Amino acid sequence: MVNIDEAIIARLESHGEKFEILVDPDLAADFKNPERDDVIIEDVLAVENIFKDAKKGDTAPDDSMIKVFDNTDILEVAKEIINKGHIQLTAQQKRDMQEEKRLMVINKIARESINPQTGLPHPVKRIENAMEETKVKIDPFKSVDEQVQIVLKAIKIKIPIRFEHVKVAVRLPGSVAGNAFSIISKFGKILNEEWQQDGSWIAVVEIPGGVQEDFNLKMNEISGGDAETKVI
């Protein structure tokens, strides 16, 4: 539980009522982040109480919580306040969250998209430049998937780009095939596979278009240069 002297206020106003809680600023932001599911509400709160005015120490009455939340459980109400209310983040906290989310969005686009004119992935820097030129904004509280679509729509006017998955046929020596399953699963999914009479293993793998080169390099790495890959 955070030191109360370092806590900030998270506030929700609804139905003519105001509710406030004292929270750790970083953990509250993590709790609200849709990409994070490892933060528990008990760690976020500086004190397990729901206030109508935190600075005065005035506790919110039960009938007000019933009116708005249909609940008087402090932890459940606190979750609602964080997720639906306003957190008084510092300017630096907001900048840090935006930068973290921006990088996640860029990496997902670079991983899963291609230039349809060449069939090759766009370099990360090209995606970054297109985002800067179109001045597309990143919301630190929206999910990566939601914002990827917003960014794609914006940067399409600057660069040819689309999300695409490709199918790759891969042949590996039988001696390394067993270790390949977990590695391949990090890139995509195995659609079918079979063992050959010469002891080699072949498979058809579906991967994001932007990771073709990385996939080929990894297959050669684990096979000592004996892998064969081909887009089909």
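The values are calculated or read from the model by the stated rules, or taken from the named source; none is laboratory data. Please read these numbers as outputs of a predicted model, since none were measured by experiment. Glycine gets a Cβ as well: all are built from the backbone with ideal geometry, and neighbour counts include every protein chain shown. To get the accessible areas, we keep the full protein, side chains included, count just its heavy atoms, and leave off ligands, DNA and RNA. Shrake-Rupley method; radii C 1.70, N 1.55, O 1.52, S 1.80 Å.
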### Task
Sticking with the crude label model, points 7 Å out along Cα→Cβ, report the distance from Asp63 to Leu217 in nm, one decimal please.
6.7 nm
### Nearby lysines by direct alpha-carbon distance to Lys186 (threshold 16 angstrom, same-chain neighbours under 8 apart not counted)
Lys108, Lys167, Lys218
### Message
In Å², and per residue, what accessible area does segment 2-84 have when probed at 1.4 Å with the other protein chains present?
### Response
53 Å²
### Message
Using only DSSP helix segments of four residues or longer, with each worth -39500 (n - 2.57), what per-residue ellipticity at 222 nm results for the chain after dividing by its residue count and rounding to 500?
### Response
-13500 deg cm²/dmol
#### Entry: Inter-probe distance in nm under a simple model that places probes 7 Å from Cα toward Cβ, at Glu228 and Arg11
6.9 nm
